[in-house]
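A.B. asks: I'd like to ask you about the structure that follows.
The values are calculated or read from the model by the stated rules, or taken from the named source; none is laboratory data. Everything quoted here is computed from the prediction, not taken from an experiment. Note: ideal-geometry Cβ built from the backbone for every residue, glycine included; neighbour counts use all protein chains shown. Side chains included, ligands, DNA and RNA excluded: accessible areas come from the protein's heavy atoms. Shrake-Rupley method; radii C 1.70, N 1.55, O 1.52, S 1.80 Å.
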Amino acid sequence: YWKRTGKPIVLVIDGLNENNNILDFGRCIQEFLTECAALPFLKIIMTTREELLQERFGVLLKTTDQDKFLHLPICTYSSYFSRRIFEGYLNFFDVHIRLDTLTDTVYKVLTEDLLLLRFFCEVKKGERCVPVYNIYKYDLFQLYLKRKAQEYKNTEYLDSTELFYELIDHICQKMLNTKTYF
């Protein structure tokens, strides 16, 4: 196809951070990209959230050959991209907000913090006519934790709501001890 048309084949790998074998995954991706670099007709687009990007894919970020690898943080995208992300999350979680209540400030907060947008959409999943005059992060996070506790209750991972909250407390304590608030 490439020889005939001159157009590259584009492979999209979405959600790199969703891989369960994180310790080995960064190395596997690096080896994969090295092999792909030998194929001039193949272009790779990979997406991941920014948190833990340095830790998991730091070697890729240090690549100096910008012809082969370019990192584009989400904050550099246009307002068009922010709107697509915002609407995409709302659509995926079937959240219908009251647009007359959506202030520029709230929209900016949600589009600049995608994890917060994710929490908001998971908490409001399936709701209609959701007013969004403001975002109260603490209250939203409490509702998110409550929903997650219910999801994990009686699963093979956590068999009680109490155990879920103990896990969250343990994570928070570790964050405080290591001064890692990410």
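A.B. asks: Condition test on THR5, is it out of contact with any helix residue (DSSP H, G or I) (no Cβ under 8 Å at 6 or more places or on another chain), modelled with pLDDT of 85 or more and open to solvent by 50 Å² or more (accessible area, probe 1.4 Å)? Before the answer, list the steps.
C.D. replies: Values: out of contact with any helix residue (DSSP H, G or I) (no Cβ under 8 Å at 6 or more places or on another chain): yes; modelled with pLDDT of 85 or more: yes; open to solvent by 50 Å² or more (accessible area, probe 1.4 Å): yes.
Criteria met by THR5.
A.B. asks: Could you please give the count of residues in segment 92-114 that are in contact with a Pro (Cβ under 7 Å, 6 or more places away or on another chain) and either under 11 Å from ILE135 (Cβ atoms) or assigned to a helix (DSSP H, G or I) (or both)?
C.D. replies: Let us first name the residues in segment 92-114 that are in contact with a Pro (Cβ under 7 Å, 6 or more places away or on another chain), namely 98, 101.
Applying the additional criterion that residues be either under 11 Å from ILE135 (Cβ atoms) or assigned to a helix (DSSP H, G or I) (or both) yields 101.
Qualifying residue count for the region: 1.
A.B. asks: Moving on. Tell me which of these LEU158 doesn't satisfy, since it passes every other one: (1) assigned to a helix (DSSP H, G or I); (2) more than 23 Å from CYS121 (Cα to Cα); (3) open to solvent by less than 90 Å² (accessible area, probe 1.4 Å).
C.D. replies: (1)
A.B. asks: Can you confirm whether segment 66-75 contains a residue that is surrounded by 14 or more Cβ atoms within 10 Å (Cβ to Cβ) and at pLDDT 80 or above? Talk me through it step by step, then tell me what you get.
C.D. replies: Here is the first cut: in segment 66-75, the residues surrounded by 14 or more Cβ atoms within 10 Å (Cβ to Cβ) are 69, 74.
Then keep just the ones that are at pLDDT 80 or above; that gives none.
No; the residues of segment 66-75 include none that is surrounded by 14 or more Cβ atoms within 10 Å (Cβ to Cβ) and at pLDDT 80 or above.
A.B. asks: Looking at ASP94, ASP100, ASP113, which one is open to solvent by 90 Å² or more (accessible area, probe 1.4 Å) and among the acidic types (Asp, Glu)? Spell out how you get there, then give the answer.
C.D. replies: Details: ASP94 fails: open to solvent by 90 Å² or more (accessible area, probe 1.4 Å); ASP113 fails: open to solvent by 90 Å² or more (accessible area, probe 1.4 Å).
Result: ASP100 is the single residue among ASP94, ASP100, ASP113 that is open to solvent by 90 Å² or more (accessible area, probe 1.4 Å) and among the acidic types (Asp, Glu).
Every residue, every condition in (1) exposed (fewer than 13 other Cβ atoms within 10 Å of the Cβ); (2) out of contact with any Phe, Trp or Tyr (no Cβ under 9 Å at 6 or more places or on another chain); (3) at pLDDT below 85; (4) among the polar types (S, T, N, Q), yes or no:
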site: GLU18; (1), (2), (3), (4): yes, yes, yes, no
site: GLY26; (1), (2), (3), (4): no, no, yes, no
site: ALA38; (1), (2), (3), (4): yes, yes, no, no
site: ILE44; (1), (2), (3), (4): no, no, no, no
site: GLU51; (1), (2), (3), (4): yes, no, yes, no
site: LEU60; (1), (2), (3), (4): no, no, yes, no
site: SER78; (1), (2), (3), (4): yes, yes, yes, yes
site: PHE86; (1), (2), (3), (4): no, no, no, no
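A.B. asks: Which residue pairs have Cβ atoms under 6 Å apart, sit 6 or more places apart or on different chains, and have a first residue in segment 98-122 that is free of Cβ contacts under 8 Å to residues at least 60 places away in the same chain and a second that is surrounded by 14 or more Cβ atoms within 10 Å (Cβ to Cβ) and aromatic (Phe, Trp, Tyr)?
C.D. replies: Within 6 Å, the pairs are THR111/PHE86; LEU117/TYR89; PHE119/TYR144; CYS121/TYR89; CYS121/PHE93.
A.B. asks: Looking at LYS125, LYS174 in this structure, which one is within 29 Å of ASP14 (Cα to Cα), open to solvent by 100 Å² or more (accessible area, probe 1.4 Å) and either charged (D, E, K, R) or modelled with pLDDT of 90 or more (or both)? Reasoning before the result, please.
C.D. replies: Numbers: LYS174 fails: within 29 Å of ASP14 (Cα to Cα).
Unique residue meeting the criteria: LYS125.
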